[in-house]
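First the structure, in the form of structure tokens, and then the observations on it.
The values are calculated or read from the model by the stated rules, or taken from the named source; none is laboratory data. Computed from a prediction, not measured in an experiment: that's the story for all the values here. As a convention, Cβ positions derive from the backbone with ideal geometry for all residues, glycine included, and neighbour counts pool all protein chains shown. Please note that ligands, DNA and RNA were not included when accessible areas were found on the heavy atoms of the full protein model with its side chains. Shrake-Rupley method; radii C 1.70, N 1.55, O 1.52, S 1.80 Å.
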Amino acid sequence: MQSNSQTDNVVKSIKVTRKLPDGIYIRGTVQGYPLLFTADTGASKTIVSNRVYEAMKPEDRPELMKTSKLVGASGVIIKERGKGLFSLALGPVYIQVEAIVADIDDDGLLGVDVLQNGSEGPADLLMSKGVLMVNKQEVPIIQVGISNRVRRVTAADHFVIPAQSECIIDVYVDREEYDDFTSEREYVIEPTEHFQEQYPLQMASTLVDINRACTCKVRLLNPLPTAMSIKQDAVIGKAEPIDGMPKVVVEEEDKNETKNYVRIRRVDFSKT
């Protein structure tokens, strides 16, 4: 365990080294060292940053073993150091998890192995109460850039965006019990800062009716010469209600292609 002065130094480094992008954060500890976890349902494994691992005393560092190639949610390979058994504390919850040490900007990422595969079942995110229910216990969360009216937008499935292509994908918008009766049905979906930092993709702002279907559709553009992937349940955007009664100018892009259901369109970068 660290002394109080060491702990203060770690906490200060978390506060001043970077501005937190929009997202859900949880204060916790790993091997007794405090850090700020980012809740990331797009990550299959929990990840501890190499920076945090290096800040530990040698005797507190778990022995690392080789692991398979680590690929980020955007399909980019992440430089990893190895995997080991770590002791985590999230509020009153103490768990042991096999985490990967890798070169990431976040202090730590809570992956699906913790959020969905807990001993008491999947964790429940209650944004209205500001807590994450883990193993039936409440863990306080920090919501950055998210108001009570703004909802999370997550990928409904695993999608691969081909190189230099435009793709329409299905997404889930967080739902509430009163959604079928509320007057706020029209929402604008936009990318979060986290999405813009993690994915080399462009997302068009999209007006959707959340009561029309279980999922909504957004448009993504991949300008790169390589394909990019998005994992199921990855948080890619935020939805904010529109005040007033928006009017749709054009119902469809091309009335002559009403039977064209192709979801991917190739982008032409040829010179004119």
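Could you please give the count of residues in segment 56-77 that are open to solvent by 40 Å² or more (accessible area, probe 1.4 Å) and either touching a Pro at 6+ places or on another chain (Cβ under 7 Å) or at pLDDT below 90 (or both)? Within segment 56-77, residues that are open to solvent by 40 Å² or more (accessible area, probe 1.4 Å) and either touching a Pro at 6+ places or on another chain (Cβ under 7 Å) or at pLDDT below 90 (or both) number 6. Among the residues of segment 34-49, is any modelled with pLDDT of 90 or more and open to solvent by 50 Å² or more (accessible area, probe 1.4 Å)? Scanning segment 34-49, I find no residue that is modelled with pLDDT of 90 or more and open to solvent by 50 Å² or more (accessible area, probe 1.4 Å), so the answer is no.
Scanning segment 186-219 for residues that are open to solvent by less than 30 Å² (accessible area, probe 1.4 Å), in a loop (DSSP other than H, G, I, E, B) and in contact (Cβ under 8 Å) with a residue 60 or more places away in the chain gives Thr192, Tyr199, Leu201. The set of residues from segment 220-240 being open to solvent by 10 Å² or more (accessible area, probe 1.4 Å) and either within 23 Å of Arg175 (Cα to Cα) or assigned to a strand (DSSP E or B) (or both) comprises Leu221, Met228, Ser229, Lys231, Gln232, Asp233, Val235, Lys238, Glu240. Residues that are among the β-branched types (Val, Ile, Thr) and part of a strand (DSSP E or B) were ranked within segment 111-139; the one that is surrounded by the most Cβ atoms within 10 Å (Cβ to Cβ) is Val134.
Filter segment 14-31 down to the residues that are modelled with pLDDT of 70 or more and among the polar types (S, T, N, Q), then identify the one that is nearest to Val144 (Cα to Cα).
Taking segment 14-31 as the starting set, the residues that turn out to be modelled with pLDDT of 70 or more are 20-31.
Okay, now just the ones that are also among the polar types (S, T, N, Q), so 29, 31.
Working: Thr29: 20, Gln31: 26 Å.
Among them, the one singled out is Thr29.
Among the residues of segment 83-110, those that are touching a residue at least 60 places away in the same chain (Cβ under 8 Å), part of a strand (DSSP E or B) and surrounded by 19 or more Cβ atoms within 10 Å (Cβ to Cβ) comprise Leu88, Leu90, Ala99, Gly108, Leu109, Leu110.
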